[in-house]
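A short write-up of the structure that comes next.
Each value in this text was obtained by applying a stated rule to the coordinates, not by laboratory testing. The structure displayed is predicted, hence computed values, not measured ones. With ideal geometry, Cβ positions are generated from the backbone for all residues, glycine too; neighbour counts draw on all protein chains shown.
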Amino acid sequence: MGFGVFFVRPIGLVAGVKRMIVVMKPEAKDKDLQHVVDKIEALGLKTMVAYGTNRRVVCCLGDKRGVDMDTLATAPGVEAVVPVLAPYKIASREIKPDRTVIPIDGHSIGGTRVGVIAGPCTVESREQILETAHFVKEHGAVALRGGAFKPRTSPYSFQGLREKGLEYLALAREATGLSVVTEVMSPEQAPLVAGYADVLQIGTRNMQNFALLEAVGATDKPVLLKRGMSASINEFLLAAEYILSNGNQQVILCERGIRTFEDHTRFTLSLSAVPALKQLTHLPVVVDPSHSTGKQDLVLPMARAAIAAGADGLLVEVHPNPEEAILDGAQSITFPQYAEMMRQVKAIAQAIGRDI
Ligand code: PEP
Ligand code: MN
């Protein structure tokens, strides 16, 4: 991490709250850092230290109204007390210019390699999830997706196999070695789902379920946070900040399409969100071409476009027989379509200096 360049911007003010970070000198000692942390905490604020290759930065978390931070600039080892423009802090590239890479059992999301997470919308049976897991694994997936608890618009619709679904996912992990990504819908469910899953998914409808964000923030599992269908980029990053500020630094952002006037596609895939997010945050960004389009034949072109736009990965729905799928069959791709998608996105990744 460089922290070579800090731009001093006008003090960021939202509702009277100043956001500040303390940049330590390269030669600052551990005791200088501890002194700064203690001073900030004595002011009633929380701290988070970001470590760079030659500098450390102390991020002050909390409401600083009425707190005078300027005197900290005179503390030993302090280079500057700098205002942060963004309302989110830990998620911001101002705090951490280096990209966050999230390890997922032998693979990673956010590094040079593009990571593909694939599987059915929902776990339907032992056979269905095992067959899919084997196929996507053979064709380069880094993780298996599949919902056991499904957030449904109607209370009368299929709600998922619940714990049985989690058990089948665990079987598929055992059989293939693939990590498992599955959704958690409530804070009370978090311990159960975290007991089975390798990555906890927060669905679009729960992006601003703050109690849930805090609950997954308290676990040690990476979180795949889907953008709320009506959320701005700012709101998306503030939702990520809830998880980060509760101690969990492993957040993967997922652009899954937003609501617009357009009704030809299920949602509108906001591809410009990908490079925009990558400017604003160090967190990895993946794209879901399945829910954003709602149409099987649009998945491949949007998957290609997502990788070309700089996405760190894809979250894609694959089903052994989409026609028979209980959920989201219209947007699920077949095994041959998945294999072809992998072939094409690999070529695109390689064209921009990445790989799969
Ligand atoms: C899903 O990934 O299966 C899902 C329900 O997605 P979203 O929350 O984006 O609708
Ligand atoms: Mn789905």
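Points to keep in mind about this one:
- Put in line by how crowded their Cβ is, counting other Cβ atoms within 10 Å and starting with the fewest, Tyr168, Tyr156 read Tyr156, Tyr168.
- Highest mobility in the GNM of the chain, judged by mean-square fluctuation with C-alpha springs under 10 Å and restricted to Ile252, Ile102, Ile202, is found for Ile102.
- Tilt relative to the chain, helix 335-351 - C-alpha long axis, 0 to 90 degrees, to 10: 40 degrees
- Check: the stretch 264-325 dipole with +1 on Lys, Arg Cβ and -1 on Asp, Glu Cβ, in debye: 300 debye
- The local environment of Gln249, defined by Cβ-Cβ distances under 13 Å, has a net charge of +1 under the rule Lys, Arg +1 and Asp, Glu -1.
- Degrees, to the nearest 10: 233-245 long Cα axis against longest axis of the chain: 70 degrees
- Of Ser92, Ser179, Ser154, the one that fluctuates the most in a GNM where the chain has Cα springs shorter than 10 Å: Ser154
- Assuming charge only on the beta carbon of Lys and Arg (+1) and of Asp and Glu (-1), the dipole of the chain about its Cα centre is about 880 debye to the nearest 20.
- Principal axis box of the stretch 19-84, alpha-carbon based, largest edge first, Å: 31, 18, 16
- FRET efficiency for Ala80 and Asn321, using Cβ-Cβ distance with R0 set to 41 Å, rounded to 0.05: 0.10
- When the Cα positions of Ala148, Ile233, Leu130 are compared along the charge dipole of the stretch 111-241, Ile233 comes out farthest toward the positive end, with charges on each C-beta of Lys, Arg, Asp and Glu.
- In the chain, a dipole from Cβ-located charges (positive for Lys and Arg, negative for Asp and Glu) runs towards its positive end, and of Ala175, Gln189, Gly329 it is Gln189 whose Cα lies farthest in that direction.
- Convex hull volume per residue, computed on the Cα atoms of the chain, equals 143 Å³.
- For the pair Ser232 and Val101 in one chain, pulling the backbone fully straight at 0.36 nm per residue adds 44.8 nm over the alpha carbon distance.
- Per-residue Cβ neighbour rank within 10 angstrom, fewest leading, Cys59, Cys254: Cys59, Cys254
- Relative contact order of the chain, defined on C-alpha pairs under 8 angstrom at six or more residues apart (%): 15 percent
- When GluC sites (Glu not before Pro) are flagged only if DSSP places them in a loop and at most 12 other Cβ atoms lie within 10 Å, the longest unflagged stretch of the chain comes out as 28-261.
- Among His35, Gly106, Pro289 - extreme Cα towards positive end, dipole of the chain, charges at beta-carbon: His35
- Take every pair of alpha-carbon atoms less than 8 Å apart whose residues are at least six positions apart; their mean separation over the length of the stretch 20-151 yields a relative contact order of 21 percent.
- Estimated FRET transfer efficiency when R0 is 45 angstrom, pair Thr153-Ala42 (beta carbons, to 0.05): 0.40
- Stretch gain in nm, segment Leu192-Asn246, where the contour uses 0.36 nm per residue and the Cα spacing is subtracted: 17.5 nm
- Listed by Cβ neighbour count within 10 Å, with the fewest neighbours leading, Phe261, Phe158, Phe236 appear as Phe261, Phe158, Phe236.
- Here the peptides 112-118, 274-280, 244-250 are ranked by packing, the mean other Cβ count within 10 Å, and the order with the highest first is 112-118, 244-250, 274-280.
- Flagged links, alpha-carbon separation over 18 Å, of Lys137/Lys295; Lys226/Lys278; Lys164/Lys226; Lys46/Lys226; Lys46/Lys89; Lys25/Lys46: Lys137/Lys295; Lys164/Lys226; Lys46/Lys226; Lys25/Lys46
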